[in-house]
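Structure first, commentary second.
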Amino acid sequence: MSRPESAPDGDDGESVHHEYILDVRIVTTSAGEGSEARYRFEAPQHRGIEFDSAVDAELYADIYFDVNGFQEAGTGERGVPPEIVQAGRDTLAAYLRTQRYADTAWVASFFGTDPGQVERYLETVRARAEGIRDGAVERGAARADAGTGRTRSQ
């Protein structure tokens, strides 16, 4: 299970929101008092990406595990990494849902389906990612104390 942390890492207004296996984590950032919290996804060899919502950041982490990691560098502002496209419809729907320009209705329209189907795609990706993290711990590829699952803050 992921480990939410509330204590700040330092005086820079950052704290660990969720820590996953393999040095993947989500960091809560704040530009100062009164500013909205942002959530930065961090992973080795992946440029940090920030989200307005913890739920979107957690979904992005699930996508990262679902496709065994990917890099956004070089995909452009609205491009999609090849690993995401090759992973299938559910993973692509989840990835698009994490983008600032897309909400569930937009993704449903893109795929010509209803929002309920998009939610089922997202749950499929979340479950698959959790299974991947659990399997990595069971096979000894990751430490169990690093966190394997997620705590949903919906």
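Laboratory data are not the source of any read-out in this text; all were calculated from the coordinates shown. In this text the structure is predicted, and so the values were computed from the model without any measurement. Heads up, the Cβs are rebuilt from the backbone with ideal geometry, glycines too, and the neighbour counts pull from every protein chain shown.
Here are some notes:
- Amide H contacts under 5 Å for residue 24: none, restricted to partners 5 or more places along the chain or on a different chain, H placed in the peptide plane at 1.01 Å from N.
- Sorted on the mean count of surrounding Cβ atoms within 10 Å across their residues, most packed first, peptides 127-133, 44-50, 100-106 read 127-133, 100-106, 44-50.
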